[in-house]
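To start, the structure itself, in structure tokens.
What follows is calculated from the coordinates using simple rules that are stated; it is not laboratory data. Computed from a prediction, not measured in an experiment: that's the story for all the values here. Virtual Cβ from ideal backbone geometry, glycine too; neighbours counted across all protein chains shown.
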Amino acid sequence: MASTELRPGLLDHLARMAPGTPLRDGFERILRGRTGALVVLGRNPVVNAVSTGGFALDVPYTATALRELAKMDGAIIIDADSMRIVSAGVQLMPDPTIGTVETGTRHRTADRVARQSGLPVISVSASMSTISLFLDSSRHVFEQSDQILSRANQALQTLERYRVRVTEVTARLSSLEVQDQVTVADVLLVVQRLEMVRRLNAELDGYVVELGTDGRLLALQLYELSAGLDDLRELLERDYRPDDDPGFGFPGLAQLDLNELLNPLTVARAMGFATQVHLDSRISARGYRQVGQINRLPPGLAPRLIEHFGSLQALFAASSAELQEVDGVGESRARVIRDGLVRLAEAAYSDRLG
């Protein structure tokens with residue numbers, strides 16, 4: 001699985017340039033007109049310092065105006081905040097000592113101006129029929145919607161398979177929790193699948209942004225497949241966090257490459273399990289995830305139950321009278337909790353036998 005997670009800053013600019021937006025419409029018109037263009041999205045002292053010549057305009061941005069101005073030589077500068085075309089026909093003279101791997105004059109200028117100013121620069125190539133976004137030290141080439149959709153659909157199919165696998169390994173973990181037979185390796189199996197799903201979600205989020213109005217159906221499918229996963233991550237962290245260690249959790253996995261993510265021991269250390277904890281070490285769930293599956297419990301009661309009894313096993317062993325010692329639990333609610341715990345146990349044993 002290849003992860004193509006995009007930086008939040010880049011995603012913001014991709015959203016502004018997505019199909020159906022005024023900016024993208026303007027650049028598509030330039031591309032169809034086969035004139036090419038160099039456009040700086042924003043102004044700052046660096047851009048002012050490297051700009052010379054041209055015509056001051058300060059007119060509202062329109063796609064047709066951008067297309068007409070691109071017929072002139074030189075760059076176009078747009079005030080990105082107010083969407084006004086500030087100037088056109090500008091010669092940009094960035095620092096020539098800034099390294100770049102680009103070859104064409106327009107692309108080399110765009111790359112250097114982006115690196116020097118920190119602002120996004122768009123280069124439209126008539127010869128290659130491409131629209132490229134330069135930001136900091138990266139270059140992103142915009143693709144047609146059908147090309148993005150093809151990759152997105154492949155990623156979506158992979159996500160569907162991983163989502164099924166997450167459900168399977170989570171059900172197995174539930175069964176082991178009821179029997180108090182959980183090992184670190186059992187928890188890590190769920191953790192690995194959840195991180196793979198998160199990376200696929202991030203990749204698909206990028207496609208949704210790039211597709212703009214064409215990505216609405218993809219966004220709905222992604223929302224459906226992602227439902228409940230954030231809650232599952234949070235509950236797993238709360239269930240298995242050693243001594244309430246604030247550094248324990250999923251954020252440490254983001255820096256792992258795919259090979260490292262497939263290594264359970266590496267994942268264990270990245271999650272925050274102590275070095276003396278082995279994969280076959282037995283651990284017990286506190287019960288936040290399991291208790292959260294009991295219907296008709298008011299918000300805040302599940303944590304109080306866990307804090308009172310200390311573990312899932314102690315909660316399973318609690319009598320109705322002991323449950324009523326918890327603030328907010330009366331006789332009828334104690335009966336609901338007991339019935340819910342019985343159903344969880346029955347479901348867990350049923351899954352194990354199945």
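Taking Cα centre as origin and charging only the Cβ of basic (Lys, Arg, +1) and acidic (Asp, Glu, -1) residues, the dipole magnitude of the stretch 141-187 rounds to 120 debye. Altogether, the Stokes-Einstein calculation at 10 °C and 1.306 mPa s, with the Kirkwood radius of the stretch 288-348 over Cα pairs as Rh, returns a diffusion coefficient of 140 µm²/s. In the stretch 146-271, taking the dipole from charged Cβ atoms about the Cα centre, the farthest positive-side position among 171, 211, 183 is held by 211. Stretching the chain fully between residue 171 and residue 59 yields a gain of 34.3 nm (0.36 nm per residue, less the alpha carbon separation). Give the shape of the chain as rounded, prolate or oblate, defined through the alpha-carbon gyration tensor: a ≥ b ≥ c are the square roots of its eigenvalues, a/c under 1.5 means rounded, and otherwise the shape is prolate if a/b is larger than b/c and oblate if not. Prolate is the answer for the chain, as a/c is 1.5 or above and a/b outweighs b/c. Simple spin-label estimate for residue 258 and residue 229 gives 1.6 nm between the two label positions (7 Å along the Cα-to-Cβ direction from each Cα). Close amide-amide hydrogen proximity is noted between residue 130 and 125, each under 5 Å apart and 5 or more residues distant or on a separate chain (H modeled in the peptide plane; Pro and chain starts excluded). Across the stretch 245-255, coupling constants 3J(HN,Hα) worked out from phi with the 6.51/-1.76/1.60 Karplus curve, θ = phi - 60°, read 5, x, x, 7, x, 6, x, x, 7, 4, 8 Hz, and Gly and Pro carry x.
Applying the Karplus relation 6.51 cos²θ - 1.76 cosθ + 1.60 with θ = phi - 60° to the stretch 21-35 yields 3J(HN,Hα) values of 8, x, 4, 5, 4, x, 5, 5, 5, 5, 4, 5, x, 6, 10 Hz, where x marks Gly and Pro. Placing a pseudo-label 7 Å from each Cα along the Cα-to-Cβ vector at residue 266 and residue 279 gives an inter-label distance of 1.3 nm. Sequence-ordered 3J(HN,Hα) estimates for the stretch 230-239 from the Karplus curve with 6.51, -1.76 and 1.60 and θ = phi - 60° stand at 5, 5, 4, 4, 5, 5, 5, 4, 5, 6 Hz, glycine and proline given as x. The label point for residue 220 and the one for residue 346, both projected 7 Å from the Cα toward the Cβ, are 3.7 nm apart.
Let me make sure I get this right: for the stretch 1-144, a, b and c are the square roots of the gyration tensor eigenvalues over alpha carbons, sorted descending. Under 1.5 in a/c it's rounded, otherwise prolate if a/b > b/c, else oblate. Which is it? Rounded, because the longest to shortest axis ratio a/c is under 1.5.
Positive end of the dipole of the stretch 146-271, charges at C-beta (+1 Lys, Arg; -1 Asp, Glu), about the Cα centre: which of 162, 247, 150 has its Cα farthest in that direction? My answer, from the dipole projection, is 150. Within the stretch 259-287, name every residue whose backbone N is under 17 Å away from a label modeled 7 Å from Cα of residue 314 along the Cβ vector. 283-287, by backbone N distance to the label point. Here the extension length gained between residue 181 and residue 136 equals 11.1 nm, from 0.36 nm per residue of separation less the Cα-Cα distance.
Peptides 196-208, 222-234, ordered by how many other C-beta atoms sit within 10 Å of their residues on average, highest first, read 196-208, 222-234. Report the FRET efficiency, 1/(1 + (r/R0)^6), for residue 91 and residue 147, where r is their Cβ-Cβ distance and R0 is 35 Å, rounded to 0.05. That gives a FRET efficiency of 0.55. Packing, as the average of other Cβ atoms within 10 Å across residues, places the peptides 314-321, 20-27 in the order 20-27, 314-321, highest first.
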